[in-house]
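The values are calculated or read from the model by the stated rules, or taken from the named source; none is laboratory data. Quick caveat, the model's predicted, so the values are computed rather than measured. Here the Cβ positions follow ideal geometry from the backbone for every residue, glycine too, while neighbour counts run over all protein chains shown. The accessibility values were calculated without ligands, DNA or RNA, using every heavy atom of the protein model including side chains. Shrake-Rupley method; radii C 1.70, N 1.55, O 1.52, S 1.80 Å.
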Amino acid sequence: NGLNDTTIANPMAFPLDTTNYIVTGFGANLCSNTDTVQIIVNDEVPINPGTDTTICVGDTVMLGGVPTSPNGTSYSWFPNGGTLSNDTIANPLAFPIVTTTYYIVATNDTCTAIDSVTITVNQLPIINAGVDVSICFGDSTQLNANGGVNYLWQPGGMLNDSTISNPIAFPSNTTEFIVFGTDINGCSASDSVIVTVNALPAITTNSDTAVCIGTCAQLNAIGGTLYSWSPGGTLSDSTISNPIACPVVTTTYIVTVTDGNSCTDTASVTITIDPLPIVNAGLDTSLCIGDSIQLNASGALIYVWTPNTNITDTGISNPFVFPTVTTTYFVTGTDGNGCLNSDSVIITVN
């Protein structure tokens, strides 16, 4: 058994175990003799390259199924090319950047074996988080990532859903959002987008004020490049920073200010309308020439009488007058709000 021909001088032997082969040789006169040769069959060299594996670019995989080398066995892996941690051990770490078939040669004292394993390398997905964007404080924006099938955004606290490709972001300050995208091979990569949050315009307006009915006041706002006042019906121009307001009733004017970043905010100014005082100069009356009479005005705090002839005091409510001809006296009264009104009284001189 194990010989290709038992009748020749040099048969091929294929023993499975150590075997003693006996040869009987015959001479020309048919005399014979024997001899023996022993074929020692050594144990098979232990070799296990591991199973074919798929990884992503940048990942590492352990080759070989034997964690330690049996005594007397040496190993040699190729190709190396800087993608193996050690090419002379049974189980090196491999980190190829392209699909690679690694061969292992195992050798003991007398025997050598060779086997191979293929590491398939999938490229990373090209993840795109979109272009950087600017928003105003208090606004939101929609992010848009592509290149993967599954996504995870960080930080997620300022997103309505951190696991979708297009979440709504509402940061309160400038933030870099990083998206991790995974493809159908389970490989992942990342990209980022910066959402710049611009502050709202800092608006300064004049203070609330009060005016008398029939008079106007100037509004004023600063802090932006564009202005819009409302209601605009009683304003000289609702699109400038400092219009003239002429309301007939108490009115709150709201100004919308836009700055250079197109961010807007609002402020308000209230114009209170004070009524005019009801000034009464008294009843018309008559006197004889040479006599005097006391005038009595009411409805205000401060009074001024005109004309200033034949009158004892033009700055009080009840001066004496002694006209020599029929005279119309006018009184202008001012109330506590600074509003004024006037009335008149006729003194007929007989």
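In the set (1) in contact with a strand residue (DSSP E or B) (Cβ under 7 Å, 6 or more places away or on another chain); (2) in a loop (DSSP other than H, G, I, E, B); (3) of a type outside the set (Gly, Ala, Ser); (4) under 28 Å from Val211 (Cα atoms), the condition left unmet by Asn296 is number (1).
When every residue of the stretch 43-58 is checked against the conditions, at least one turns out to be β-branched (Val, Ile, Thr) and more than 60 Å from the chain's Cα centre (by Cα). Does Thr314 satisfy being touching a residue at least 12 places away in the same chain (Cβ under 8 Å), hydroxyl-bearing (Ser, Thr, Tyr) and assigned to a loop (DSSP other than H, G, I, E, B)? Criteria not met by Thr314. Per the listing Ile55, Ile47, Ile89, the residue uniquely at pLDDT 85 or above and either under 30 Å from Pro15 (Cα atoms) or open to solvent by 40 Å² or more (accessible area, probe 1.4 Å) (or both) is Ile89.
Remark: pairs (first residue in the stretch 331-350, closer than 20 Å to Ala210 by Cβ; second residue open to solvent by less than 30 Å² (accessible area, probe 1.4 Å) and among the acidic types (Asp, Glu); Cβ separation under 6 Å; 6+ apart in sequence or on different chains) = Asn337/Asp274; Cys339/Asp274.
When the stretch 187-216 is filtered for residues that are within 26 Å of Val57 (Cα to Cα) and either among the acidic types (Asp, Glu) or open to solvent by 50 Å² or more (accessible area, probe 1.4 Å) (or both), the ones remaining, listed by number, are Ser188, Ser190, Asp191. Each residue in the stretch 250-270 was checked for being of a type in the set (D, E, K, R) and part of a strand (DSSP E or B), and 1 of them qualify. Taking the stated definitions as given, is Asn308 more than 60 Å from the chain's Cα centre (by Cα), in a loop (DSSP other than H, G, I, E, B) and either modelled with pLDDT of 95 or more or surrounded by fewer than 19 Cβ atoms within 10 Å (Cβ to Cβ) (or both)? Against the criterion (more than 60 Å from the chain's Cα centre (by Cα), in a loop (DSSP other than H, G, I, E, B) and either modelled with pLDDT of 95 or more or surrounded by fewer than 19 Cβ atoms within 10 Å (Cβ to Cβ) (or both)), Asn308 qualifies. The set of residues in the stretch 126-140 that are open to solvent by 80 Å² or more (accessible area, probe 1.4 Å) and among the charged types (D, E, K, R) contains only Asp132. With respect to (1) in contact with a Pro (Cβ under 8 Å, 6 or more places away or on another chain); (2) surrounded by 18 or more Cβ atoms within 10 Å (Cβ to Cβ), the lone exception for Gly299 is condition (2). Taking the stretch 92-115 as the range and being of a type in the set (S, T, N, Q) and at pLDDT 95 or above as the test, the residues that pass are Thr99, Thr100, Thr101. Restricted to the stretch 231-257, and to residues there that are open to solvent by less than 30 Å² (accessible area, probe 1.4 Å) and among the β-branched types (Val, Ile, Thr), the residue that is nearest to Cys212 (Cα to Cα) is Thr251.
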